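Report on the following structure.
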Amino acid sequence: MALNNIDRELGWDDEIEKDSSDFVILPEGDYNFTVTGFERGRHNGSDKLPACNKAILSIKLEGAAGTTTIKHNLFLHSKCEGMLCAFFTSIGQRKKGEKLRMNWTTVTGSRGRCKVGIHEYQGRDGDTKKSNQITRFYEPEEQSSFNTAKSFTPGNF
């Protein structure tokens, strides 16, 4: 007997019925994000980066055009230390310029702001495909600069 609305592993002989939801590509721009998942993985190495550990983050992006969740890899290698620092600064675990022991147990549920671009790639079918990708994480001070509302100071007109 299948349980509805609960994430679970499917058995080989289970019945299925839920169609996939529409895939949303957000326009390039700045978005608030929430980390909804984290798993440990391994990068096997490439021309640009040797084999290393990687954090695979599920990041929910919210904007006027809709909401989507993307996978974002953070590579645990000294070549990528800047992106790691930017991520932990963005979610408020680190201040710019300070040392930090990465605390992965507190990443899920963290919030921040990032710049999102559109990545084009060739699919297995030969067609050009598109997906969103995070190109930059903003510092909390930069996030507040996006607020265009004037602040109120008593006695100042």
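The values are calculated or read from the model by the stated rules, or taken from the named source; none is laboratory data. Fair warning: this is a prediction, and the values are worked out from it, not measured in the lab. A quick note on method: Cβ atoms are made from the backbone with ideal geometry, for glycine too, and the neighbour counts reach across all protein chains shown. Surface areas here come from the heavy atoms of the whole protein model, side chains and all, with no ligands, DNA or RNA. Shrake-Rupley method; radii C 1.70, N 1.55, O 1.52, S 1.80 Å.
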Of residues in the stretch 40-64 being of a type in the set (A, V, I, L, M) and farther than 23 Å from K95 by Cβ, the one surrounded by the most Cβ atoms within 10 Å (Cβ to Cβ): L61
Any hit, the stretch 11-25, residues being assigned to a strand (DSSP E or B), aliphatic (A, V, I, L, M) and modelled with pLDDT of 85 or more: no
Which numbered condition R8 fails, given (1) open to solvent by less than 100 Å² (accessible area, probe 1.4 Å); (2) under 30 Å from E139 (Cβ atoms); (3) not polar (S, T, N, Q): (2)
The stretch 20-39, subset among the charged types (D, E, K, R) and touching a strand residue (DSSP E or B) at 6+ places or on another chain (Cβ under 7 Å), residue nearest to N132 (Cα to Cα): E28
Selection from the stretch 104-146 of residues that are assigned to a loop (DSSP other than H, G, I, E, B), of a type outside the set (G, A, S) and open to solvent by less than 70 Å² (accessible area, probe 1.4 Å): V107, Y138, E139
Enumeration of residues in the stretch 89-103 that are surrounded by 12 or more Cβ atoms within 10 Å (Cβ to Cβ) and not basic (K, R): T89, S90, I91, G92, Q93, L100, M102
Single residue of G41, G97, G45 found to be part of a strand (DSSP E or B), free of Cβ contacts under 8 Å to residues at least 40 places away in the same chain and small (G, A, S): G41
Condition check for G92: part of a loop (DSSP other than H, G, I, E, B) and in contact with a helix residue (DSSP H, G or I) (Cβ under 8 Å, 6 or more places away or on another chain): yes
Whichever residue in the stretch 65-79 is free of Cβ contacts under 8 Å to residues at least 60 places away in the same chain and open to solvent by less than 30 Å² (accessible area, probe 1.4 Å) and, among such residues, is nearest to the chain's Cα centre (by Cα): L74
Among (1) farther than 15 Å from T135 by Cβ; (2) exposed (fewer than 12 other Cβ atoms within 10 Å of the Cβ), the one test that G82 misses: (1)
